[in-house]
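The values are calculated or read from the model by the stated rules, or taken from the named source; none is laboratory data. Since the model is a prediction, treat every value here as computed from it, not as a measurement. Quick reminder, even Gly has a Cβ in these numbers, built from the backbone with ideal geometry, and neighbours come from all protein chains shown. Remember, those area values only see protein heavy atoms, side chains included, never the ligands or the DNA or RNA. Shrake-Rupley method; radii C 1.70, N 1.55, O 1.52, S 1.80 Å.
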Amino acid sequence: MNRRLGLCLLAAAFAAAALHTADAAAQTTFRMNVSIPQNSHYGVAVDAFAAEVEKRTAGRYKIRNFYASALGDEREATEAVQLGTLDMVMTSTGPIPNFVPEVAILDIPFLFRDTAHARATLDGPIGQEMLKKFEPKGFKALAWGENGFRHMTNSKRPVNAPADLSGLKMRTMQNPVHIQAYKGFGIIPTPMAISEVFTALQQGTVDGQENPISVIKGQKFDQVQKYLTLTGHVYSPAVVLMNKGTWEKIPAADRQAFMESVKVLVAANRKRIDDDERDGVAYLREKGMQVIADVDRTKYQEVLTPVFAEFAKKFGQANIDRIRNYK
Ligand code: EAX
């Protein structure tokens, strides 16, 4: 081999090695948004997810998380994921009926008996079928997460019975099922994004709001709300979404890594909610809230009888019963 050819071969070998290294280091970063702070049942979940994805893909994929609606409220972020200008969002189902109408059935009040029932349903065939409904709308839904059972707070009066809700002006999510149902309670619903709620309560634009203990505590609503009634009137699911086109570009082996990682997200999310549920009410009492814990939920359900009839027409009684009776 002459010297010239030798050098050429050497140069080619270097080039190939450099290319290989570049390949191995090729890194994709996905941006993900949540509506509430890092120190919350979504924040700890997406952080656990980011760490797991990075570990399982040997750093080839990174998740960059944005908290407290930094990249938009839940509706805006969901829309951005649909369009592909944002990669991922973990959101409550607040805005979801506007994107995937079939999933709105999950937002019906008193649909789930308790947390165990909700988690089993979402983890089982019903929940998994529902995740597929996101696909024709431009989303890959990786998993159901959780926001929790929602309770009523307000600054006007203790709500001891359903009739006490009548005439209260309450912030609601931008969710058509909630809005329709809450009107059935006699509430005057005022939909707005979560990032605006504290100020709206403080300034008296609305009298109250409803959210899980985790959110009431995390958003410091105890500073602007006197009364809390543990109505648990509706279960609030969360969902982890990715833009569908983005998902399809991920090689199969790495998709598997994402699916394994999202299990870690769900576990961290649920664990934090369990902790908040255990300690949150005592904490809110300490902060000065007057808590009505002894709630006859059947009374609240009875008030919604006409609304339930409307939902039966809309979603099909059999579909509702299938969820209600899931064991
Ligand atoms: O998803 O908007 C709400 O009330 C939600 O519960 C909150 O953003 C967490």
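Summary of values
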quantity: Amide H contacts of GLN219 (H built 1.01 Å from N, under 5 Å, at least 5 apart or other chain); calculated: none
quantity: Interatomic Cα distance distribution for region 227-327, bins of 5 angstrom, percent; calculated: 2, 8, 11, 13, 14, 13, 15, 12, 7, 4, 1
quantity: Size of charge dipole - region 2-324 - debye, nearest 20, with Cβ of Lys, Arg +1 and Asp, Glu -1, no other charges; calculated: 600 debye
quantity: Packing rank of 245-253, 54-62, 268-276, where each peptide gets the mean count of other beta carbons within 10 Å, highest leading; calculated: 268-276, 54-62, 245-253
quantity: Unit charges at the beta carbon, dipole of the chain: most positive-side option, GLN180, GLY72, MET152; calculated: GLY72
quantity: Mean separation of Cα contacts under 8 Å, 6 or more apart, over the residue count of the chain: relative contact order %; calculated: 24 percent
quantity: Accessible area of the chain divided out per residue, in Å², using a probe of 1.4 angstrom; calculated: 44 Å²
quantity: For region 103-117, 3J(HN,Hα) per residue [Karplus equation, 6.51 cos²θ - 1.76 cosθ + 1.60, θ = phi - 60°, Hz, x = Gly/Pro]; calculated: 6, 4, 4, 5, 8, 5, x, 6, 6, 9, 5, 7, 4, 4, 4
quantity: Charge dipole magnitude, Cβ of K and R +1, D and E -1 - region 123-270, Cα centre, debye nearest 20; calculated: 180 debye
quantity: DSSP-defined antiparallel bridges as percent of all bridges, the chain, nearest 5; calculated: 55 percent
quantity: Whole-angstrom gap from region 160-183 to region 230-280, using each part's C-alpha centre; calculated: 27 Å
quantity: Of all accessible heavy-atom area on the chain, the percent that carbon and sulfur account for (1.4 Å); calculated: 53 percent
quantity: Interchain or long-range residues, amide H under 5 Å from LEU86's placed H; calculated: VAL81
quantity: Kirkwood hydrodynamic radius of region 2-324, from inverse mean 1/r over distinct Cα pairs, in Å; calculated: 21.1 Å
